[in-house]
1. Starting at the first residue of the range 362-371, write each ³J(HN,Hα) from the Karplus equation 6.51 cos²θ - 1.76 cosθ + 1.60 with θ = phi - 60°, in whole Hz, x for Gly and Pro.
2. Could you tell me the relative contact order of the range 17-170? Use alpha-carbon pairs under 8 Å, at least six residues apart, and round to a whole percent.
3. Please report, in debye to the nearest 20, how large the charge dipole of the chain is about its Cα centre when each Lys and Arg carries +1 at its beta carbon and each Asp and Glu carries -1 there.
4. Enumerate the lysines that Lys211 could reach by cross-link, defined here as Cα to Cα under 25 Å, with residues fewer than 8 away along the same chain left out.
5. Using Cα-Cα distances under 8 Å and only pairs 6 or more residues apart, what relative contact order does the range 1-82 have, in percent?
6. Considering only DSSP beta bridges whose two residues both sit in the range 116-271, what percent are antiparallel, to the nearest 5?
7. Can you give me the distance in nm between label points at Ala278 and Arg182, each placed 7 Å from the Cα along the Cα-to-Cβ direction?
8. Please give the peptides 361-371, 180-190, 259-269 ranked by average Cβ packing (other Cβ atoms within 10 Å per residue), highest first, as a rough proxy for protection.
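Read-outs: derived from the displayed coordinates by stated rules, not from any lab. Because the structure is predicted, anything quoted here is derived from the model rather than measured. Here the Cβ positions follow ideal geometry from the backbone for every residue, glycine too, while neighbour counts run over all protein chains shown.
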Amino acid sequence: MTAAPSEPFRALTGMRDVLPPEAGRRRALLAQFAAAAGRAGYAEVAVPVLEELGVFERLGEATDVVSKEMYHFTDQDGTELALRPELTAGVVRAFVQHAPTLPWKVWVAGTAFRRERPQRGRYRMFDQVGVEVLGVDDPDLDVEVVALAWQVLADVGLRDVTLLVNSLGDHEDRARYTEAVRSYFEEVRGRLSEGEQDTLDRNPLRLLDAKRPELAPVIARAPELSAYRSDESASHYERVLTGLRAVGVPYTEAPRLVRGLDYYRRTTFELTSGAIDAAQNALGGGGRYDRLAEELGGRPTDGIGFALGVDRVLLALEAEGVEGDTDPGLDAFVVDLTGGEAARDLTHELRAAGLAADRRFGGGSMRSQMKHADRSGAAVALIVGEDELQSGEVTLRPLRGHGADGVEQHRVRRKALVAELRALQAPAPRPGDGEH
Ligand code: HAM
């Protein structure tokens with residue numbers, strides 16, 4: 001047997017444990033996302049966390065995500081594998097593999113891994129939710145996808161969100177623009193840090209995204225993409241902007257928004273929060289990737305999608321002071337003063353009837369059990385003493401501030417208990433209800 005460690009194990013750097021109540025908020029967010037995607041006609045897919053390395057190399061070998069941040073290893077049989085750094089490549093790989101009927105509108109939620117330098121809002125393991133659509137080349141779809149991302153953030157209660165939109169043009173436009181940006185920065189190479197020079201060699205467009213304040217004036221004078229867009233991609237972009245205005249989604253054009261993955265063409269967008277630290281303020285982003293299916297071995301197929309960073313959306317909600325949905329609390333906490341069998345049976349009975357009930361194990365005095373009942377957040381305590389046991393009743397005691405205010409303590413027959421607790425769950429009538 002391996003000896004116990006001298007220090008207790010801790011989660012790896014950049015890998016977070018998500019505990020209550022955050023875990024509940026995260027689940028509520030997923031449910032809101034799933035509902036919004038469902039209303040727009042998207043069906044859920046799930047794809048593996050682990051894929052062949054080659055699947056992710058298509059994200060762009062020059063990108064940081066692939067070249068520096070990917071967790072990869074050689075499997076026992078010699079296959080090169082990688083933990084997914086995002087969800088799109090896996091979804092498109094699945095699309096190519098299963099050849100579903102077009103268009104394919106799916107949503108996906110899951111964990112991704114990037115070996116980044118961890119800080120608040122930037123982790124090595126994080127959750128994304130997103131959508132992907134394959135097989136539609138229509139700018140109105142871009143509008144649908146962008147509007148959905150916007151709507152989800154509005155639905156969860158965020159107000160301080162900016163939508164940045166750009167079009168990278170088609171493949172050729174982007175290549176010409178990349179060359180223009182490369183030669184522009186070559187002329188000022190001397191003013192670039194070592195890391196920035198390395199970016200210039202590998203992926204010049206990423207320099208437009210450099211965060212060092214000294215570089216801001218240089219970036220401000222860099223060539224703009226609009227001069228390099230073909231007529232066709234310019235009119236696609238115009239149609240997207242017109243559509244966003246028509247459906248009432250406010251946007252800001254960001255002519256230097258390039259995004260961190262290489263597969264983007266034409267529409268690209270990002271949603272940023274004004275409430276969290278600027279370095280991690282991207283709540284989500286996405287765009288068109290019209291060649292990914294082909295690069296993964298399929299037929300040329302248009303694609304577009306987005307991903308929201310769940311961890312960051314939760315941070316922004318907290319920063320904006322939005323309460324958000326949490327798990328509904330317990331309906332009842334059973335306080336058993338007769339040895340525990342009543343608590344065992346009663347909690348089982350209530351749960352089977354669809355109510356949320358808990359109890360304390362190991363007994364204890366009335367006072368100590370009531371303390372646990374209070375802390376549990378349950379609406380009521382159900383007290384079973386010898387007396388109640390004899391008469392086939394329980395004492396229902398409302399717990400202050402947990403949803404049963406205004407109810408007096410009273411005895412309830414066991415047979416009537418489920419109905420009574422259900423009645424407590426129903427929202428109290430508001431003044432004016434029932435008047436005509
Ligand atoms: P991305 O911009 O790389 O795009 O990531 C989307 C979102 O994931 C980011 O805006 C951010 O909120 C979150 N995120 C990224 N890295 C981290 C991290 N290290 N820690 C915490 N959150 C993070 C994509 O991943 C594309 N697959 C989006 C897409 C879908 N494009 C087309 N379809």
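1. Coupling constants for the range 362-371: x, x, x, 5, 3, 4, 6, 5, 5, 4 Hz.
2. Once divided by the residue count of the range 17-170, the mean separation gives 23 percent.
3. Computed about the Cα centre, the dipole is about 900 debye.
4. Within the straight-line cut-off, Lys211 pairs with Lys68.
5. 20
6. On the way: 6 of 8 bridges.
Around 75 percent of the beta bridges assigned by DSSP in the range 116-271 are antiparallel ones.
7. 3.0
8. The packing order, highest mean first, is 259-269, 180-190, 361-371.
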